[in-house]
Amino acid sequence: MLTPDFDRYSLALFHEDRMVFSSVKEGLRPLVECIRACRGRFSGCELHDRAIGLAAAKLVVATGGMIARISTRRASERALALLGRHAVPIAAGEVVPVLLNRDRSGPCLMEQKASATEDPQQFLRAIDAFFS
């Protein structure tokens, strides 16, 4: 795995050790934009994302192999479980029960949305529409 540089980006996608997408935006939007830009063009990529919760994990699974491994600062337990079931290796600096909203009063909105459906493809369609 490559060493993430989260001072340069919040999310980056690497194909054969070459950065093919990056963003400094926060939240789930950069991953959705990455999938829109790169799905069907690359496979077996490495994703660096500051945080991987259930929502991001479902999107990764929905790419069908575009993302083969992940490196992150923080991952939720549910994300690790889902990625494990789909054989997507992840290296996380910290594991937390759930990703929290900005004021830390509960699960973030995208984690709540991710809990509403089991099907990663259906979730991808819903989130793609949400960010359109």
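The values are calculated or read from the model by the stated rules, or taken from the named source; none is laboratory data. Note that this is a predicted model, so its numbers are computed, not measured. Accessible surface is based on the protein model in full, side chains and every heavy atom, while ligands, DNA and RNA are left aside. Shrake-Rupley method; radii C 1.70, N 1.55, O 1.52, S 1.80 Å.
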Extension reserve of the Phe131-Leu109 stretch, reckoned as 0.36 nm per residue once the Cα distance is removed: 6.6 nm
Accessible area expressed per residue, the chain, with surrounding protein chains retained (probe 1.4 Å, Å²): 52 Å²
3J(HN,Hα) from dihedral phi, segment 116-121, Karplus parametrisation 6.51/-1.76/1.60, rounded to Hz, x for glycine, proline: 7, 9, 8, 7, x, 5
Whole-percent carbon and sulfur share, accessible surface of the chain, 1.4 Å: 48 percent
